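Below: the structure, in structure tokens.
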Amino acid sequence: MAKKTGKAYAFFDCKASKQSIEELLPHIRESVKTPNALELSLMEDIGTLTGDSQLLKIAEEAKDAGIKYVMEATYPDATNHQTADEVASVLNQAYQSQLYERGEQFRGEVVYKEKGSYMFRE
């Protein structure tokens, strides 16, 4: 039986540079105690995202809304929903960090595929 790998995507806006986010990510992950197996890939150009047409449509809408970043998360031996929960924890902690100015509004969504279609994590 093939091992299942969870996958989720976080679309979010942040004024910080990609380098700043990447430098802070290990500390953020440590704070929220994300599993070591969780892999995060940060992309500044949403247009570079690959996937099915449904995901690319969500990406296009995010880009049109001025969303700057997408983070792809993969998590071996987990469901897509569990992966979405982990990446949401990372985003929540990032918002509490120096990446965001105090009082700055957070704009972002976490999406994952369930039963063939993408769901926005509540």
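Values quoted throughout were computed directly from the atomic coordinates according to the rules given, and no laboratory measurement underlies them. Not measured: the values here are computed from a predicted model. All Cβ positions, glycine included, derive from the backbone under ideal geometry; neighbour counts span all protein chains shown.
Sort the stretch 32-108 into rounded, prolate or oblate with this rule: let a ≥ b ≥ c be the square roots of the eigenvalues of the Cα gyration tensor; rounded if a/c is under 1.5, and if a/c is not under 1.5, prolate when a/b is larger than b/c, oblate otherwise. Verdict is oblate for the stretch 32-108. Pull up the cross-link candidates among the lysines for Lys68, meaning alpha carbon to alpha carbon under 18 Å and not fewer than 8 places away within one chain. Of all the lysines, those that pass the test against Lys68 - Cα under 18 Å, at least 8 places apart if same chain - are Lys15, Lys18, Lys57.
Taking Cα centre as origin and charging only the Cβ of basic (Lys, Arg, +1) and acidic (Asp, Glu, -1) residues, the dipole magnitude of the chain rounds to 220 debye.
Scoring 21-30, 87-96 by mean Cβ neighbours within 10 Å over their residues and listing the highest first yields 87-96, 21-30. Straight-distance candidates among the aspartates and glutamates for linking to Lys7, with alpha-carbon spacing under 17 Å and chain neighbours fewer than 8 residues away dropped: Glu39, Asp52, Glu72, Asp77, Asp85, Glu86, Glu109, Glu114, Glu122. The local environment of Phe12, defined by Cβ-Cβ distances under 9 Å, has a net charge of 0 under the rule Lys, Arg +1 and Asp, Glu -1. Restricting the GluC sites (Glu not before Pro) of the stretch 82-119 to loop positions (DSSP other than H, G, I, E, B) with no more than 14 neighbouring Cβ atoms within 10 Å leaves Glu101, Glu104.
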